[in-house]
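See below for the structure under consideration.
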Amino acid sequence: MKQTAARKQDEFHELASIVKKYRGREGVLIQALQEAQEMYGFLSRELLIRLAYELDVPLSEIYSVVSFYALFKTEPVGRCHMEVCGGTACYVNGMRDLLEYLEEEYSLRPGEVTGDGKFSLSTVNCVGACSASPVVKIGEEVFGEITGRRLKQLLERYGNE
C-alpha cells in the first residue's frame with residue numbers, strides 16, 4: 001500500500017509548478033487545467049482530485065469546468081487527435097461517412113484511441129466552419145470539405161509526424 005501511495009506522489013511531481021503558480025489566485029482555474037493537460041496529455045480523475053486538493057478548489061467546481069469546455073480531455077488521446085464536426089451542416093454533408101470510414105479503415109470510433117496510440121477520435125457539436133462542411137479538426141488545424149480520400153491523405157501525413 002505504501003508503494004502505491006509513493007508512486008501516486010511521484011506521478012504528479014511536475015504538478016508542483018502549476019500549483020505554485022496558481023494557488024490562492026482567483027479566476028485562474030481554466031489556465032491551471034490547460035497547463036496540467038498540456039503537461040500530462042489528459043486530465044485523469046486522480047489528477048483532478050490532486051489539483052482540487054492542492055488548489056483548494058472543490059472537485060465539483062473542477063468537474064463543472066472540465067465537462068463544460070470541449071478542449072479538456074479526461075481520457076487519453078492519441079498523438080494525433082481528430083475531432084469530427086457533428087453540426088447540422090457537417091452531419092448533412094457527410095459526417096457519418098467520415099465516421100464510418102474511420103471505423104472501417106482504422107477500427108476507430110469516437111472516444112477511442114488506436115492500439116498503437118497514434119490516433120484518437122471525438123465528435124464535437126460545431127467548429128464554426130459550416131460553409132466548408134464536413135469539417136475535421138486535427139490538433140489545432142481545421143480542414144474543410146473532407147472526403148474519405150482527403151481524410152486518408154491527412155492521416156498519412158499526420159501519422160508520419
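The values are calculated or read from the model by the stated rules, or taken from the named source; none is laboratory data. Quick caveat, the model's predicted, so the values are computed rather than measured. Virtual Cβ from ideal backbone geometry, glycine too; neighbours counted across all protein chains shown. Surface accessibility is based on the protein's heavy atoms, side chains included, excluding ligands, DNA and RNA. Shrake-Rupley method; radii C 1.70, N 1.55, O 1.52, S 1.80 Å.
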List the number of the failed condition for Gly128; all other conditions in (1) open to solvent by 60 Å² or more (accessible area, probe 1.4 Å); (2) of a type outside the set (Ser, Thr, Tyr); (3) on the phi < 0 side of the Ramachandran plot hold.
(3)
Cβ pairs under 6 Å, 6+ apart, first in the stretch 139-161 and within 20 Å of Gly86 (Cβ to Cβ), second among the hydroxyl-bearing types (Ser, Thr, Tyr) and surrounded by 11 or more Cβ atoms within 10 Å (Cβ to Cβ):
Gly148/Tyr101
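Pick out the one residue from Gly148, Gly94, Gly128 that is small (Gly, Ala, Ser), touching a strand residue (DSSP E or B) at 6+ places or on another chain (Cβ under 9 Å) and either modelled with pLDDT of 90 or more or farther than 30 Å from Leu15 by Cα (or both).
Gly128
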Return yes when Asp116 is among the acidic types (Asp, Glu), within 23 Å of Gly41 (Cα to Cα), open to solvent by 90 Å² or more (accessible area, probe 1.4 Å) and free of Cβ contacts under 8 Å to residues at least 60 places away in the same chain and no when it is not.
yes
Somewhere in the stretch 131-149, is a residue of a type in the set (Asp, Glu), in contact with a helix residue (DSSP H, G or I) (Cβ under 7 Å, 6 or more places away or on another chain) and loosely packed, with under 15 Cβ neighbours inside 10 Å?
yes
Where residues in the stretch 35-57 are open to solvent by less than 70 Å² (accessible area, probe 1.4 Å) and not in a helix (DSSP H, G or I), which of them is farthest from Glu14 (Cα to Cα)?
Val57
Count of the stretch 13-34 residues which are open to solvent by 50 Å² or more (accessible area, probe 1.4 Å) and part of a helix (DSSP H, G or I):
7
Which numbered condition Leu71 misses (of (1) under 11 Å from the mean Cα position of the chain (by Cα); (2) assigned to a helix (DSSP H, G or I))
(2)
Just to verify a result, which residue in the stretch 63-101, among those that are of a type in the set (D, E, K, R) and in contact (Cβ under 8 Å) with a residue 24 or more places away in the chain, is nearest to Glu145 (Cα to Cα)?
Asp97
Report, by residue number, each residue of the stretch 79-90 that is over 21 Å from the mean Cα position of the chain (by Cα) and either of a type in the set (D, E, K, R) or surrounded by fewer than 16 Cβ atoms within 10 Å (Cβ to Cβ) (or both).
Thr88
Among the listed residues Ser122, Ser131, which satisfies the condition of being of a type outside the set (A, V, I, L, M, F, W, C), in contact with a Gly (Cβ under 9 Å, 6 or more places away or on another chain) and in a helix (DSSP H, G or I)?
Ser131
